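Enquirer: Attaching a single structure in structure tokens format; questions to follow.
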Amino acid sequence: MKKILILALSLCFAFAAPALAGTDYKYPVKACHDGGDITPTKAHEMVDADPAHTFIVDCRTMAEYEFVGHPVGAYNVPLKFLTNKLGKKGYDKVNNENFGKDLLARFNPKTDTLIFMCRSGKRSCASCCEAAKVGFPAEKLFNMLGGFEGDKIKYNKSAYHGQRKLGGWRNEGLPWTYHMDPKLAYQPK
């Protein structure tokens, strides 16, 4: 019985360690931007505290939003769209020329706080700047550090080398889904 208990506790710690490690992760800021920086946990707390006026805006492509998953309740407003041309790292992307208009169609600059999220935190920085250009005040704009998937492990002797296991919404164990809610999914007008 004692061996079973020790084995069970060992397994609990083994599976909990990656999740616990994400809470101590020092998130890097990927680019200069308007607004502030917050962790995924802080973003979740902010939305919980004021769900009528605080929103997570997933600025990844529609394909990432659908096939990789997204935070429960996150709006998809892509900063860029995938093209059908193959580039060095996969399909090329082009800017969403209506990004600012898309934000204004869904959110109110006077009352709403926007938390931008992408894969690991670079496009969300650019999204903060674009939102500021169309009238959202910097104090109501936030870049979610680590994004949805987090950063890659760079240590080449790690079993997780090259995988996105450092920080991020999903790695912090926050609620996410593949469900496509028509009210939240991007639908160009």
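Enquirer: If amide hydrogens are placed 1.01 Å from N in the peptide plane, which non-local residues have theirs closer than 5 Å to the one on residue 80?
Expert: 96
Enquirer: While we're here: Please list 3J(HN,Hα) in residue order for segment 109-126, calculated via the Karplus relation 6.51 cos²θ - 1.76 cosθ + 1.60 where θ = phi - 60°; whole Hz, with x for glycine and proline.
Expert: Using θ = phi - 60°, the values come out as x, 7, 10, 9, 9, 10, 10, 8, 9, 10, 6, 9, x, 8, 5, 5, 5, 4 Hz.
Enquirer: Sort 44, 179, 53 by Cβ crowding within 10 Å, fewest neighbours at the top.
Expert: 179, 53, 44
Enquirer: Report Rg/Rh for segment 86-189, rounded to two decimals, where Rg is the Cα radius of gyration and Rh the Kirkwood radius.
Expert: With Rh from the inverse mean 1/r over Cα pairs, Rg/Rh is 1.02.
Enquirer: While we're looking at this one, here's another question. Quick check on the exposure proxy: order 145, 174, 166 from fewest to most C-beta atoms within 10 angstrom.
Expert: 174, 166, 145
Enquirer: So for 107, 142, fewest C-beta neighbours within 10 Å to most, what's the order?
Expert: So the residues, fewest neighbours to most, are 107, 142.
Enquirer: Dipole of the chain, Cα-centred, from +1 at each Lys and Arg C-beta and -1 at each Asp and Glu C-beta, to the nearest 20 debye?
Expert: Charge dipole of the chain: 820 debye, to the nearest 20.
Enquirer: Let me ask something else about it. Can you spot the aspartates and glutamates whose alpha carbon is less than 16 Å from residue 80's alpha carbon? Ignore those fewer than 8 places along the same chain.
Expert: Qualifying aspartates and glutamates at Cα under 16 Å: 58, 64, 66, 92, 97, 102, 130.
Enquirer: Using only the Cα atoms of the chain, construct the convex hull and provide its projected area averaged over every direction, in square nanometres to one decimal.
Expert: Orientation-averaged projected area of the Cα hull: 13.4 nm².
We did not get these values from a lab; they are worked out from the coordinates using the rules stated. Note that this is a predicted model, so its numbers are computed, not measured. Backbone-built Cβ (ideal geometry, glycine too); neighbour counts: all protein chains shown.
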